[in-house]
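Structure first, then comments.
The values are calculated or read from the model by the stated rules, or taken from the named source; none is laboratory data. Model, not experiment: these values are computed from the prediction. Here the Cβ positions follow ideal geometry from the backbone for every residue, glycine too, while neighbour counts run over all protein chains shown. Please note that ligands, DNA and RNA were not included when accessible areas were found on the heavy atoms of the full protein model with its side chains. Shrake-Rupley method; radii C 1.70, N 1.55, O 1.52, S 1.80 Å.
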Amino acid sequence: TPYAWALAVTLAVLFIVCAAVVFARRRVTLPVLMEDVTVLGLVAVACLMLLSNLGLLVSSDSYHFGARSTDFDVVRLSWLVIPAVLLFVLSRIGRNSKLAYAGRALLISDAAFMLIPWIGYQELIRVGTIALAIGYLVLLAVLGWYAWTTLAKEFRAKNQQTFIFCLQLAFLGSLASVLLRAELDFGLELWLLCVICCLLVLHLLRLDKKVLWYRLQEFVVSLGIAADLANGVTNPVGKTLAVVAAIVCLLAMAERIRLASSANAKAAREKTLDPSKQGLEYLTAFCVNALFLSILYAVTTWFTQAYPFSLSCMFIALVLIALGFWSRTTPFRLYGLVVTILCVLKLVTWDIVSADSLMRVIAFIGGGLICFGISALYNFAVKRFTDAPTQNHSEPASKPDHHSAP
């Protein structure tokens, strides 16, 4: 306890001197170099003291493979976030960009120390709960965003997407570390839900300008959620989180389809719509199909037999065909058509293999009629969308007849 108090008092004195130097430069004429050397030198001494304290705690006799003793039971953190916040405040007051750069370096170092086993997030989980570790992670993310706002506008405008990607990667990686060390039964499902919620927030804020990268993340997470549900999540909380994550995925994809519908309708009016550039939507259709099936598998017992699976796929395929015509997205229509035909073939050749001869004949005839009806409907709709006459708004209105009697 005396050592801890001595360390705290020493750090407080160092930080007070740093603040006094910055305030003194605003009142009297002092060289900027003197402020930089004094403040950065004292902060460096404070950081060395904090890291030395962490090293003493880790190398103490009471610390062996995570074992703790009541005499030396303290939180093992680097605490570099404290001098980082101090530097951010002083750089704001003194308008000194060098202090801000040093604060960013310390913030990154603190985030790296938090990932080390037996210290960092694992220590916060030990002394509190997982909420304490996640709260500290959110604090680091907020400070990281603030550090980004202190950069020049030109630099931010040029590197915004790179920063968002790095911050997202660091946040989700740190969150995975927290959930892994918490040893939760539903850690994977909670992490997947956080990832898709993060992607949805970025999309709603229109920060996902690099559509391809974020769309690929969306596809990978969607398939991960579908695979997790298909494996049969036994934990009730985990199953609920996975179903919620699947619903959020579907909402995110529905929002993208809505935006694509508006863009495709405008391109169709301008006759610039190019279906060859919609190849990525095949993955969207596949993910929508997989998510719907995984949700049904998790919340129902329909798939104990073979034919409900085929009927469910046919229904989802028909929905995708309708979405394809509504949004003018060719891959949706083609995917739905192919899946429907495959499901009909599976239904009449495999699902009713144990049925009698009459049922097989009826199934064959019914499957053929369904295929013919879908094909006819598909061709009719395509013809209507592609060959429908468009009104020529440039044609002038008919002139009134001036020779008519008054």
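Annotations for the structure displayed:
- Any chance S276 is open to solvent by less than 50 Å² (accessible area, probe 1.4 Å) and of a type outside the set (V, I, T): no
- Test: K271 is without any contact (Cβ under 8 Å) to a residue 60 or more places away in the chain, on the phi > 0 side of the Ramachandran plot and among the charged types (D, E, K, R): yes
- Considering residues of region 132-147 that are among the aromatic types (F, W, Y) and within 21 Å of T162 (Cα to Cα) only, the residue surrounded by the most Cβ atoms within 10 Å (Cβ to Cβ): Y146
- Residue among S261, S276, S294, S310 that is touching a Lys or Arg at 6+ places or on another chain (Cβ under 6 Å) and part of a helix (DSSP H, G or I): S310
- Selection from region 33-48 of residues that are open to solvent by less than 50 Å² (accessible area, probe 1.4 Å) and either in contact with a helix residue (DSSP H, G or I) (Cβ under 7 Å, 6 or more places away or on another chain) or in contact (Cβ under 8 Å) with a residue 24 or more places away in the chain (or both): E35, D36, T38, V39, L42, V43, A46, C47
- I134 fulfils the conditions (1) farther than 22 Å from S52 by Cβ; (2) touching a Pro at 6+ places or on another chain (Cβ under 9 Å) except for a single criterion, (2).
- Residues within region 101-131 that are over 18 Å from G173 (Cβ atoms), in a helix (DSSP H, G or I) and open to solvent by 10 Å² or more (accessible area, probe 1.4 Å), tallied: 8
- Count of residues meeting criterion [closer than 22 Å to F163 by Cα, small (G, A, S) and at pLDDT below 90] in region 66-99: 2
- Among the residues of region 171-189, those that are more than 18 Å from P117 (Cβ to Cβ) and either open to solvent by 40 Å² or more (accessible area, probe 1.4 Å) or among the charged types (D, E, K, R) (or both) comprise F171, D185, F186, L188, E189.
Here's the yes/no breakdown for (1) open to solvent by less than 30 Å² (accessible area, probe 1.4 Å); (2) β-branched (V, I, T):
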{"site": "V220", "(1), (2)": "no, yes"}
{"site": "A227", "(1), (2)": "no, no"}
{"site": "G238", "(1), (2)": "yes, no"}
{"site": "L241", "(1), (2)": "no, no"}
{"site": "C249", "(1), (2)": "yes, no"}
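- Among the candidates V344, V382, the residue that is surrounded by 13 or more Cβ atoms within 10 Å (Cβ to Cβ) and modelled with pLDDT under 70 is uniquely V382.
- The listed residue being hydrophobic (A, V, I, L, M, F, W, C) and modelled with pLDDT of 85 or more, out of V37, V28, V22, V58: V37
- Tabulated pairs, region 175-204, first closer than 17 Å to G238 by Cα, second open to solvent by 30 Å² or more (accessible area, probe 1.4 Å) and basic (K, R), C-beta under 9 angstrom, 6+ apart or interchain: F186/K239; E189/K239
- Filter result for the condition that a residue is open to solvent by 50 Å² or more (accessible area, probe 1.4 Å) and in contact (Cβ under 8 Å) with a residue 40 or more places away in the chain, over K153, K158, K209: K209
- Count - residues of region 1-51 that are in a helix (DSSP H, G or I) and either of a type in the set (K, R) or farther than 20 Å from L107 by Cβ (or both): 26
- Condition check for W302: open to solvent by 60 Å² or more (accessible area, probe 1.4 Å), more than 19 Å from F332 (Cα to Cα) and without any contact (Cβ under 8 Å) to a residue 40 or more places away in the chain: yes
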